[in-house]
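Please treat every number below as a calculation from the coordinates, not as lab data. Remember, it's a predicted structure, so these values are computed and weren't measured experimentally. Virtual Cβ from ideal backbone geometry, glycine too; neighbours counted across all protein chains shown.
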Amino acid sequence: MDSNTYSAQAPTGRGGPPDVPPLHLAELAAVVDKLAAQGLDGLSAAVRAERLLAWRQLLDRQEGLWLQELTAIDARGAAGADQDQPAPSTAGWLRNRLRMGAGAARSAVRTARALFRGSLPGTAAALVAGEVSVAHARAVADGTQEVPDHVKLEAEPALLEAAGRLDPHQLRRLVGHLCQVVDPDGADRQAVHRHERRGLWLAPTFEGMVAIDGLLDPEAGQIVQAALEPLARPADADDDRSAGQRNADALTELCRRSLEGGWLPKAGGVRPQLLVTVGLDSLLGRPGGVGGDLGWAGPLAPEGCRRQACDGAVTRVVVTRQLDRQGDLGHRPGDEEAGATRDLVGEAGLTGRLRAAMTLLPPNLGGAPTQPLEVGRATRVVTPAQRAALAVRDRGCVFPGCERPLAWCDAHHLEHWVDGGPTDLPNLALLCRAHHRAVHEGGWRLIRGPDGRFSATPPHRRHRRAA
Ligand SMILES: [Zn+2]
Ligand SMILES: [Zn+2]
């Protein structure tokens, strides 16, 4: 179906007179043209403000009339008559012809039916008269969907009275309460219906981001909101993250703490954790490193791998590509897999360099001299005892000016252990997730002075370490 032959804008004059629909819309289009062409600079602020408010009311009235007409078309099965092709549904027709979103189209039809063919005559009249907004009328219509008609008629005056003093969101809540009073059974049915619509969908995107889309019932929504709220607060006055970014960080933090706290059921005998598989080149920050692999969610940039390796559990898996092909690779049963470092070495000539790099690993990662082919045990880079000592010394993030407490913090190596830095207190510092990222990915450099105070130098493009 060609959806471009008619558009909502056609009657404004751009589409030309032949397309202007009949019966007063041409006059309305002419008025809108005048509005568009009007110069308002000469008007006083008060007049312009009054004008804006009155205009909004007219828009709401118009939308009310539009919904009324939509009801008529829906009732007559006239959707699609414009092209002489009866449409299977009124909402589908709106989507096709006006390119409305699926949700918006369904909602328009539902609201129209409830107002103009249901038992809310007072609300419909108030909308057309400009006494309530479309959002208010929709709150009443949606909120009383499950209420029997005779109850709806009786309750309507009280709802309209409330619509005069509440905003649509508040009105929606009030309607919910009143429905519970006038029709407890209906309210219960509606709650069950809402609960069944719940869902949460996660999908990796082409950009390497993960998209989250979901719908929660009111109780679950409140629980999630309550859990995110304390984690989503701005860190300080300089926190310039948007509300959306803070919510995203809070959700991640919540999940991270659940994983670290060990409250979650084990999957296959292993506690679910972030598992990053990364080549040694990437871990060493050598040029050409392909980054780590997060599995389902895709790749993790080399510097992100280094950040994760700062304070994780590491399993060293040394392989040659040849062995990989023979399938003689993998984790021995019984090995913990809290985190894994897999060193993939392409050419045999790199084995020497690989050995040299391995000797740089601290002893708590399984000893310096290693066989080139082996699966090591999972080892926590920073031991619980060291973490406790750090907690006492640093208390929270040491980044100058940051006051995030211990629970937000990773242990960071001032000189990374993969570069030969020791995992001991003088080389460790607590950094909150944001500042840990700022130091690794953001290029800030954190230095501990002889007096024990930390200073941070701003980013400059630091050279990748050449191996
Ligand atoms: Zn770090
Ligand atoms: Zn911090």
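According to a simple spin-label model (label point 7 Å from Cα along Cα-to-Cβ), what is the distance in nm between Arg76 and Leu259?
Computed distance between label sites Leu259 and Arg76 equals 5.9 nm.
With a sphere of radius 15 Å drawn around the Cβ of Arg76, what net charge do the other residues whose Cβ falls strictly inside it have (Lys, Arg +1; Asp, Glu -1)?
-2
For Arg189 and Ser89, calculate 0.36 nm times their separation in residues minus their Cα-Cα distance, and state this gained length in nm to one decimal.
33.4 nm
Ranking Lys152, Lys34 by Cβ neighbours within 10 Å, fewest first, what do you get?
The most exposed by this proxy come first: Lys34, Lys152.
If r is the Cβ-Cβ distance from Asp213 to Leu43 and R0 is 51 Å, what FRET efficiency results, to the nearest 0.05?
Computed FRET efficiency for Asp213 and Leu43: 0.70.
In what sequence do Arg138, Arg437 fall when counting other Cβ within 10 Å, fewest first?
Starting with the residue having the fewest Cβ neighbours, the order is Arg437, Arg138.
Around Asp183, what is the net charge, scoring Lys/Arg as +1 and Asp/Glu as -1 over all other residues with Cβ under 12 Å from its Cβ?
Taking every other residue near Asp183 into account, the sum is -3.
What full-extension length gain, to one decimal in nm, is calculated for Trp55 and His169 as 0.36 nm per residue of separation minus the Cα-Cα distance?
Roughly 38.8 nm would be gained on extension.
Please grab the % of Cα pairs in segment 199-261 that end up more than 16 Å from each other.
57
Taking 56 Å as R0, compute the FRET efficiency from the Cβ-Cβ separation of Val392 and Val32 and round it to 0.05.
Working from the Cβ atoms, E equals 0.20.
As a footprinting exposure proxy, order Val192, Val134 by other Cβ within 10 Å, with the fewest listed first.
So the ranking, lowest neighbour count to highest, is Val192, Val134.
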